[in-house]
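S.K.: Below: one structure in structure tokens.
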Amino acid sequence: MSHPCIICVAITGSLPTKDNNPAVPITIAEQIESTQEAFEAGASIAHCHVRDDEGRPTSDPERFAALKEGLEKHCPGMIVQLSTGGRSGAGQARGGMLPLAPDMASLSVGSNNFPTRVYENPPDLVDWLAAEMVKYEVKPEIEAFDLSHIIKAHQMWRAGQIKDRPYVQFVMGVKNAMPADREVFDYYIKTVHRLFGEDAPWCAAGIGPNQIVLNEWAISAGGHARTGLEDNVRLDRDRLAPSNAALVKRAAELCGKYDRPVATWQQARDILGLKAA
């Protein structure tokens, strides 16, 4: 196995705070600095949320614009992926940053349980977000919390609601959603290959201690890997992760174990069919 592995770094998320880990970047300046370190460590995609002045999640397009501008300046070529996730806003406010035309944006195509609530993605909102991504030429990353989300993404692709072949990310280990189950993981891969082709790229993300587990499963199976402080603030039970870059380096070491070169940003753009920076 020699094809390059894309490493995505999820830098902040909506939940982690500095009380959880002082290394979590909250301000735009902190996010740019943390992402630059992760970029230099091998990450080629930055998955981005933003926070308000109180550190709370927000979908404020102006904050996303400032972050995007900083990343494009300090991490030239890196793929900027903005989150349309439901913890940061409600309704169409979740897609208010899409006119910024980032390289990519997350797209959840169905609902599921989260630890303390339902993660609601009603069909009309999903359709609107997908249409905005087509309008502004933003490539969606399908966040698959359930098998039905992969199948729904295929239906939307065939209907023309998703322009290019979907890039699916399996999210496993969220409490009350899909656990990190190897048989399910393998069936996800089988389903992606059946619906989108044997050469269809895919990614996986594990939450908390499942992060390193999913990193290894994905890298060893030929997929791509997501890491970062959004999903996990620790290196192990006894040690906090000192930075996003440290988690990227850990994923890169797994790439070496399985003879997978870490994808450059140029290779990542080619794999995902994105235009050159």
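The values are calculated or read from the model by the stated rules, or taken from the named source; none is laboratory data. Being a predicted model, the structure only gives us computed values, none of them experimental. Virtual Cβ from ideal backbone geometry, glycine too; neighbours counted across all protein chains shown. The accessibility values were calculated without ligands, DNA or RNA, using every heavy atom of the protein model including side chains. Shrake-Rupley method; radii C 1.70, N 1.55, O 1.52, S 1.80 Å.
S.K.: Only one residue in ALA46, ALA66 is at pLDDT 95 or above, part of a helix (DSSP H, G or I) and of a type in the set (A, V, I, L, M). Which one?
M.R.: Testing whether each residue is at pLDDT 95 or above, part of a helix (DSSP H, G or I) and of a type in the set (A, V, I, L, M) leaves just ALA66.
S.K.: Which members of the stretch 49-63 meet the condition of being surrounded by 23 or more Cβ atoms within 10 Å (Cβ to Cβ) and in a strand (DSSP E or B)?
M.R.: VAL50, ARG51
S.K.: What residue, of THR17, THR84, is open to solvent by 30 Å² or more (accessible area, probe 1.4 Å), among the β-branched types (Val, Ile, Thr), part of a loop (DSSP other than H, G, I, E, B) and farther than 28 Å from ARG260 by Cα?
M.R.: Only one candidate passes the filter, namely THR17.
S.K.: Moving on. Mind listing just one residue for me: the one in the stretch 133-150 that is of a type outside the set (A, V, I, L, M, F, W, C) and part of a strand (DSSP E or B) and, of those, farthest from the chain's Cα centre (by Cα)?
M.R.: Ranking the candidates gives LYS139 first.
S.K.: Let me ask you something else. Does the stretch 238-265 hold any residues that are touching a residue at least 24 places away in the same chain (Cβ under 8 Å), over 18 Å from the mean Cα position of the chain (by Cα) and assigned to a loop (DSSP other than H, G, I, E, B), and which are they?
M.R.: Scanning the stretch 238-265 gives ALA241, PRO242, TYR258, ASP259, ARG260, PRO261.
S.K.: Taking the condition at pLDDT below 95 and either under 18 Å from ASN244 (Cβ atoms) or of a type outside the set (Ser, Thr, Tyr) (or both), does GLY89 pass?
M.R.: yes
S.K.: Identify all residues within the stretch 108-132 that are within 20 Å of CYS203 (Cα to Cα), without any contact (Cβ under 8 Å) to a residue 40 or more places away in the chain and outside any helix (DSSP H, G or I); write none if there are none.
M.R.: Passing the criteria: only SER111.
S.K.: For VAL9, work out the one condition from (1) open to solvent by 10 Å² or more (accessible area, probe 1.4 Å); (2) outside any loop (DSSP other than H, G, I, E, B); (3) in contact with a strand residue (DSSP E or B) (Cβ under 8 Å, 6 or more places away or on another chain) it doesn't fulfil.
M.R.: Status for VAL9: all satisfied but (1).
S.K.: Next up: Quick test of your reading of the structure: GLU216 fulfils all but one of (1) touching a Leu at 6+ places or on another chain (Cβ under 6 Å); (2) of a type outside the set (Lys, Arg); (3) open to solvent by less than 10 Å² (accessible area, probe 1.4 Å). Name the failing condition by number.
M.R.: (3) is the only condition that GLU216 fails.
S.K.: Please work out if GLY208 is out of contact with any Pro (no Cβ under 7 Å at 6 or more places or on another chain), within 24 Å of LEU272 (Cα to Cα) and assigned to a loop (DSSP other than H, G, I, E, B).
M.R.: Against the criterion (out of contact with any Pro (no Cβ under 7 Å at 6 or more places or on another chain), within 24 Å of LEU272 (Cα to Cα) and assigned to a loop (DSSP other than H, G, I, E, B)), GLY208 does not qualify.
S.K.: Next question, about the same structure. Go through the residues of the stretch 249-258 one by one and say whether even a single one is basic (Lys, Arg), at pLDDT 95 or above, under 21 Å from GLY13 (Cα atoms) and open to solvent by 10 Å² or more (accessible area, probe 1.4 Å).
M.R.: Yes, the stretch 249-258 has at least one match.
S.K.: Among the listed residues GLY273, GLY228, which satisfies the condition of being of a type outside the set (Phe, Trp, Tyr), crowded, with 21+ Cβ neighbours inside 10 Å and on the phi > 0 side of the Ramachandran plot?
M.R.: GLY228
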